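Below: one structure, written as structure tokens.
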Amino acid sequence: MTIFVPPASEATLRGDVRGRVAAIKQAIQDRIAQQIYKPGDRLPSERDLCVAFDTSRVTLHEILIRLEAEGLIYREERRGWYISPARFIYDPQARGHFAQAVREQGRVPSTQVLDMQTAEIPARVAALLDLPPAGDIACVRRVRSIDGRPVLYVEHFFQPQMFPGLFAHDLSGSMTEIYRDVYGFHYGRMTYQITPTAVSGAAATALRVSNGSPALLVTRVHHARDGDAKDCDFEYWRHDAVLVQVSVGEHSSPAGQP
């Protein structure tokens with residue numbers, strides 16, 4: 001829903017450039033806090049905001065970028081600016097799948113399968129799965145959304161001989177459940193690597209962001225109970241949509257200590 005922007009107060013419009021930037025930014029923050037602008041609402045166009053606050057496009061854009069950096073708003077390519085909802089809490093230690101975790105947080109999950117193919121194994125996948133550099137690997141690419149907003153682009157690689165006929169199943173749900181219920185496969189341990197990155201190409205398009213936009217890359221390797229690596233995921237999260245949270249027990253060693 002596009003929201004109406006009421007005229008700015010006279011106090012907001014007065015002052016030097018730096019003071020005006022701070023005042024206009026605070027005015028937008030106040031409207032978010034007061035629920036005049038609600039999570040998921042689309043802000044008025046930059047032109048309308050410029051008129052309402054009697055400011056230039058350059059000044060307004062600076063304000064919007066600052067609000068985006070603080071996680072209060074987000075931008076979708078060719079669609080505009082939106083009020084940010086609460087971040088999805090991602091717990092790498094949790095065994096539940098994406099849809100289950102989203103529902104537990106009172107949100108609505110959805111998944112779209114973008115493509116499925118078998119192709120020559122990429123070098124980074126071969127290294128993660130300890131496979132020869134030559135050979136084929138199966139790949140499923142999906143985009144996952146929360147409350148209708150694309151937040152996660154995933155490339156899932158697996159050995160096709162382990163899960164024959166997997167492409168015939170509905171992969172818009174939990175692949176973990178398909179592995180378990182159809183193939184009798186249960187995961188053992190999982191290995192995570194979490195790094196900042198930038199998205200481009202298919203990932204940027206799926207997430208509705210421009211090429212080069214920041215993202216959080218979660219590389220996940222799944223091991224069978226015998227310890228062998230069986231498949232892996234490359235998860236590209238919108239950086240403004242996720243919060244990684246891990247709870248450590250009282251008897252765990254502090255980071256960097258034995």
Rank these for me by crowding, Thr59, Thr111, going from fewest to most other beta carbons within 10 Å.
-> Thr59, Thr111
So the FRET efficiency between Thr59 and Asp147, C-beta based with R0 = 35 Å and rounded to 0.05, is 0.65
What Kirkwood radius, in Å to one decimal, follows from the Cα pairs of region 17-83?
-> 12.0 Å
Once the piece of chain linking Ala33 and Gln245 is laid out straight, how much longer is it, given 0.36 nm per residue of separation minus the C-alpha distance between them?
-> 73.9 nm
Taking the alpha-carbon centroid of each part, what is the distance from region 55-100 to region 181-247 in angstrom?
-> 19 Å
Of the GluC sites (Glu not before Pro) in region 40-83, which ones lie in a loop per DSSP and count no more than 12 other C-beta atoms within 10 Å?
-> Glu70
Take the Cβ-Cβ distance between Glu68 and Ala123 as r, set R0 to 41 Å, and report the resulting FRET efficiency rounded to the nearest 0.05.
-> 0.75
Any idea what the dipole of the chain comes to, in debye rounded to 20, about its Cα centre with Lys/Arg Cβ at +1 and Asp/Glu Cβ at -1?
-> 620 debye
Rank the residues Leu217, Leu60 as a footprinting-exposure proxy: fewest other Cβ atoms within 10 Å of their Cβ go first.
-> Leu217, Leu60
Computed label-point distance, nm, for sites Arg18 and Tyr183 using a 7 Å Cα→Cβ extension = 6.0 nm
To two decimal places, what compactness ratio does region 32-120 give when its Cα radius of gyration is scaled by 2.2 N^0.38 Å?
-> 1.47
Over all directions, average the projected area of the Cα convex hull of region 112-258 and note it in nm².
-> 10.9 nm²
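Rule-based calculations on the coordinates, nothing more; no lab input. The structure displayed is predicted, hence computed values, not measured ones. Every residue, glycine among them, receives a Cβ derived from its backbone with ideal geometry; neighbour counts consider all protein chains shown.
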